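**Student:** Sharing a structure below in structure tokens format, with a few things to ask.
The values are calculated or read from the model by the stated rules, or taken from the named source; none is laboratory data. Keep in mind that this is a model prediction, so the values were computed, not measured. Every residue, glycine as well, gets a Cβ built from its backbone with ideal geometry; the counts of neighbours run over all protein chains shown. In case anyone asks, the SASA skips ligands and DNA or RNA and just uses the protein heavy atoms, side chains included. Shrake-Rupley method; radii C 1.70, N 1.55, O 1.52, S 1.80 Å.
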Amino acid sequence: MGDIAVVGGGVIGLTCALRLAEAGHRVEVVADRAPGDTVSAVAGGLWFPYLAAPADAVLRWARESLDRFAELAAMPTTGVFWREGIVLHRADDPDLAWTAVVPDCRAARPDELPEGVASGVVCSVPVVDTAAYLGWLAARCARVGVAFRRAHVVRPADLPQPTVVVAAGLASGVLVGDPTLEPVRGQVVRLANPGLTRWVVDDDNPAGMAYAIPRGHDVVCGGTADRGESGTAHDPDVERAVLDRVVALVPELRGVPVVSRAVGLRPVRPSVRLDRVTVAGQALVSCYGHGGSGVTLSWGCAADVVGLAGP
Ligand SMILES: Cc1cc2nc3c(=O)[nH]c(=O)nc-3n(C[C@H](O)[C@H](O)[C@H](O)COP(=O)(O)OP(=O)(O)OC[C@H]3O[C@@H](n4cnc5c(N)ncnc54)[C@H](O)[C@@H]3O)c2cc1C
């Protein structure tokens with residue numbers, strides 16, 4: 001098995017590195033940020049396909065990840081939980097394609113729906129405490145021999161490995177000359193968890209998208225999805241509006257203390273890039289552009305990367 005460099009130490013880079021090392025490759029992760037400083041660490045961590053295409057491949061990757069997360073949820077130190085929650089729909093024709101890969105979906109009962117909400121789907125899916133999970137992934141990588149180097153890569157050609165996996169999220173475009181990636185800004189506020197386990201997603205909320213995702217000690221409250229916005233400064237007005245929407249859905253969260261806040265830029269592309277090209281004798285495997293679904297698609301995409309990397 002060959003030497004492989006993985007550029008990127010977010011959820012995509014680390015999952016690819018782990019799968020490649022488990023397949024027998026000698027792997028080095030090169031990243032310019034610690035896992036806790038990545039967009040992946042900002043993610044709410046709900047398994048749910050959002051802002052990612054193409055639809056067929058997304059469902060396949062999401063299903064594979066769902067199976068893997070189900071195993072990890074049974075292990076106490078992974079940061080992965082298996083939690084019931086509800087996706088609210090305010091439109092008449094919601095996109096329910098994702099329900100095909102979730103085993104126990106059911107229509108929400110009228111008493112489970114807030115006023116003004118037409119319908120909803122209740123189901124159990126993985127919920128990932130991303131900070132804890134990235135730590136677990138990095139430790140798992142180290143245990144199977146993955147090497148780590150903190151460095152900023154300017155060009156894949158500067159790396160000595162014959163195969164380079166480009167998993168640098170939003171920065172991947174610069175590395176491989178792809179102008180189609182764009183940021184979609186998201187802001188979250190994390191509240192101390194008063195004992196909730198049930199998550200709620202209300203994407204069609206006319207006042208703006210809203211979600212509350214209880215993990216272990218915190219509840220991630222969001223959100224926003226500002227296309228083309230690349231500022232990462234926290235906006236207190238946005239936070240107030242997010243909390244108003246969330247508290248309207250989950251009154252138990254009124255007045256609960258803030259634990260932390262974060263802003264991240266989702267790496268959105270017309271479709272996830274997952275392919276292999278050869279440039280001046282070096283194999284470049286691209287794996288980026290996961291939009292609002294990097295956690296959700298991580299294991300499925302990493303499996304494809306192993307196939308593309310070859311022996
Ligand atoms: C508010 C918000 C909520 C979200 N909620 C969810 C959710 O509930 N579920 C879900 O599935 N997804 C969610 N997402 C989306 C998810 O966070 C992203 O899809 C995912 O983090 C992308 O992972 P990545 O590893 O590709 O990129 P990143 O996490 O951004 O990691 C990129 C890595 O590349 C490295 N890097 C970049 N450039 C270079 C360079 N030149 N040289 C060396 N290293 C480099 C960085 O150091 C970093 O390690 C959310 C996103 C946001 C912003």
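**Student:** With the crude spin-label approximation of a point 7 Å out along Cα→Cβ, what separation in nm comes out for Ser271 versus His152?
**Tutor:** The answer from the label model is 3.3 nm.
**Student:** In addition: Round to the nearest 10 and report in Å² the accessible area of Ser271, as given by a 1.4 Å probe over the protein chains' heavy atoms.
**Tutor:** 40
**Student:** Which order, highest average first, do 297-304, 56-63 follow once you tally other Cβ atoms within 10 Å for each residue and take the mean per peptide? Mind dumping the intermediate values first?
**Tutor:** Working: 297-304: 25.2, 56-63: 19.0.
Highest to lowest by the protection proxy: 297-304, 56-63.
**Student:** Please compute, for the alpha-carbon atoms of segment 1-99, the extent along each of the three principal axes and give them in descending order in Å.
**Tutor:** Here the spans come out as 51, 32, 25 Å, largest first.
**Student:** Just need the relative contact order of the chain here, percent rounded to a whole number, with Cα pairs under 8 Å and 6+ apart. Could the numbers behind the result be given before it?
**Tutor:** Numbers: 712 pairs, mean separation 86.5, N = 311.
Relative CO of the chain lands at 28 percent.
**Student:** Next question, about the same structure. Kindly state, to the nearest 0.05, the FRET efficiency for Arg60 paired with Cys105, given R0 = 25 Å and r defined as their beta-carbon distance.
**Tutor:** Numbers: r = 18 Å, r/R0 = 0.72.
Efficiency, from the Cβ-Cβ distance: 0.90.
**Student:** Looking only at GluC sites (Glu not before Pro) in DSSP loops with at most 16 other Cβ atoms within 10 Å, what is the longest site-free stretch of the chain? Mind showing how you got there, number by number?
**Tutor:** Details: sites that count: Glu115, Glu229.
Longest gap between qualifying sites, sites excluded: 1-114.
**Student:** For the chain, what is the calculated [θ] at 222 nm in deg cm²/dmol (nearest 500), taking -39500 (n - 2.57) for each run of four or more DSSP H residues and dividing by its residue count? Intermediate results must be reported in sequence, preceding the final value.
**Tutor:** Details: 7 runs with 84 residues, N = 311.
Calculated at 222 nm, the ellipticity per residue is -8500 deg cm²/dmol.
**Student:** Using a 1.4 Å probe, how large is the accessible area of His89, given in Å² and rounded to the nearest 10?
**Tutor:** So the heavy atoms of His89 present about 20 Å² to solvent.
**Student:** Quick check for me: using +1 on Lys/Arg Cβ and -1 on Asp/Glu Cβ, what's the dipole size of the chain about its Cα centre, in debye to the nearest 20?
**Tutor:** For the chain, the charge dipole is close to 840 debye.
**Student:** Tell me whether the chain comes out rounded, prolate or oblate; compute the Cα gyration tensor, take square roots of the eigenvalues as a ≥ b ≥ c, and use a/c under 1.5 as the rounded threshold.
**Tutor:** Numbers: a/c = 1.81, a/b = 1.72, b/c = 1.05.
Prolate is the answer for the chain, as a/c is 1.5 or above and a/b outweighs b/c.
**Student:** Would you mind giving the three semi-axes, in whole Å and largest first, of the ellipsoid equivalent to segment 217-286 according to its Cα gyration tensor?
**Tutor:** Values: eigenvalues 290, 35, 27 Å².
Listed largest to smallest, the semi-axes of segment 217-286 are 38, 13, 12 Å.
**Student:** Based on Cβ point charges of +1 for Lys and Arg and -1 for Asp and Glu, what charge dipole magnitude is obtained for segment 1-133 about its Cα centre, in debye rounded to the nearest 20? Mind showing how you got there, number by number?
**Tutor:** Working: 10 positive and 18 negative charges, 42 e Å.
The dipole magnitude comes to about 200 debye.
**Student:** In what sequence, largest accessible area first, do Phe81, Phe69, Phe48 appear using a 1.4 Å probe? Intermediate values should be presented prior to the final figure.
**Tutor:** Numbers: Phe81 55, Phe69 0, Phe48 30 Å².
Greatest to least solvent exposure: Phe81, Phe48, Phe69.
**Student:** Whole-Hz ³J(HN,Hα) for each residue in segment 132-148, computed from phi via Karplus 6.51 cos²θ - 1.76 cosθ + 1.60 with θ = phi - 60°, x for glycine and proline: what do you get?
**Tutor:** 5, 5, 4, x, 5, 4, 5, 5, 5, 4, 4, 5, 9, x, 5, 9, 10
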